[in-house]
Amino acid sequence: VVMGGEFFETDDQLLLNELSAGITPIKKFKAEAKLWPNYETDYAPLIQLSVDSQITFIATNTPRRYASFVAKFGADTLKHLPKESLKLLPSMPLPFSWDTPGYSEMKEMMSGGHGMGMDPEKMVQAQALKDYTMAYNIAENREKNELFFHVNGDFHSADYGGIYWYLKELEPKLEVKTIK
């Protein structure tokens, strides 16, 4: 079994590895990782389980700064990132399709005034970057016949879209289950 979650970004992976190896104590980990406000109640038990059981935990999400970059300037601008930055992202270019379940609906919702003044197409591209990054990291960090248990919000896999859709694009024969 391998565990992973959207609540850790790829640039937190080293901290997770050091925590699991006993190099970094939990107090130091909490001080340095980018923890979500609900970390203690919702995610700390999963991290503790992975450490106690020696289960690898993968930080699957794209760093926020890159999703913000895409939301402002579009996915094509990722090619301008330094090589070191690209190591934290999946292989590029970002495979994007409006056929991905949920993306057209997201664009429509944001076009109706929920986009906070941002370009709806670029916002959806930022969402796609997150979904693709998580799917890519799941695919890259599981061995054949190994279970990868991933925790993410509903929109990232609802209606066979997001992470689910990208996983099937990466590995068409992969068995994927979602739990609500």
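The figures follow:
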{"item": "Dimensionless Rg/Rh of the range 26-134 - Kirkwood Rh, Rg from C-alpha atoms", "result": "1.04"}
{"item": "Alpha-carbon centroid distance for the pair the range 64-125 / the range 18-38, whole angstrom", "result": "29 Å"}
{"item": "The chain: relative contact order as a whole-number percent, Cα under 8 Å and 6+ apart", "result": "29 percent"}
{"item": "Within the chain, longest stretch clear of exposed GluC sites (Glu not before Pro) (DSSP loop, no more than 16 other Cβ within 10 Å)", "result": "1-142"}
{"item": "Those trypsin sites (Lys or Arg not before Pro) in the range 4-102 that DSSP places in a loop and that have at most 13 other beta carbons within 10 Å", "result": "LYS87"}
{"item": "Rule-of-thumb Rg ratio for the range 80-180 [Cα; 2.2 N^0.38 Å; N residues]", "result": "1.13"}
{"item": "Environment charge at GLN48 (Cβ cut-off 14 Å; Lys +1, Arg +1, Asp -1, Glu -1)", "result": "-1"}
{"item": "Folded to 0 to 90 degrees: helix 120-140 orientation relative to the chain principal axis, Cα", "result": "40 degrees"}
{"item": "Within the accessible area of the chain (1.4 Å probe), percent carbon and sulfur", "result": "53 percent"}
{"item": "Residue-normalised accessible area of the range 1-73, given per residue in Å² at a 1.4 Å probe", "result": "51 Å²"}
{"item": "Which of LEU19, PHE148, GLY4, positive extreme of dipole for the chain (C-beta unit charges)", "result": "LEU19"}
{"item": "Separation of the TYR160 and LEU86 label points, Cα + 7 Å toward Cβ, nm", "result": "3.4 nm"}
{"item": "The range 74-94 residues near the modelled GLU169 label - backbone nitrogen below 14 Å, point 7 Å along Cα→Cβ", "result": "75-76, 90-94"}
{"item": "Environment charge at PRO63 (Cβ cut-off 14 Å; Lys +1, Arg +1, Asp -1, Glu -1)", "result": "0"}
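The values are calculated or read from the model by the stated rules, or taken from the named source; none is laboratory data. Just so you know, these numbers come straight off a predicted model, no measurement behind them. Because the Cβ atoms are built from the backbone with ideal geometry, glycine has one as well, and the counts that use them run over all protein chains shown. These area figures cover heavy atoms from the full protein model, side chains too; ligands, DNA and RNA do not enter into them. Shrake-Rupley method; radii C 1.70, N 1.55, O 1.52, S 1.80 Å.
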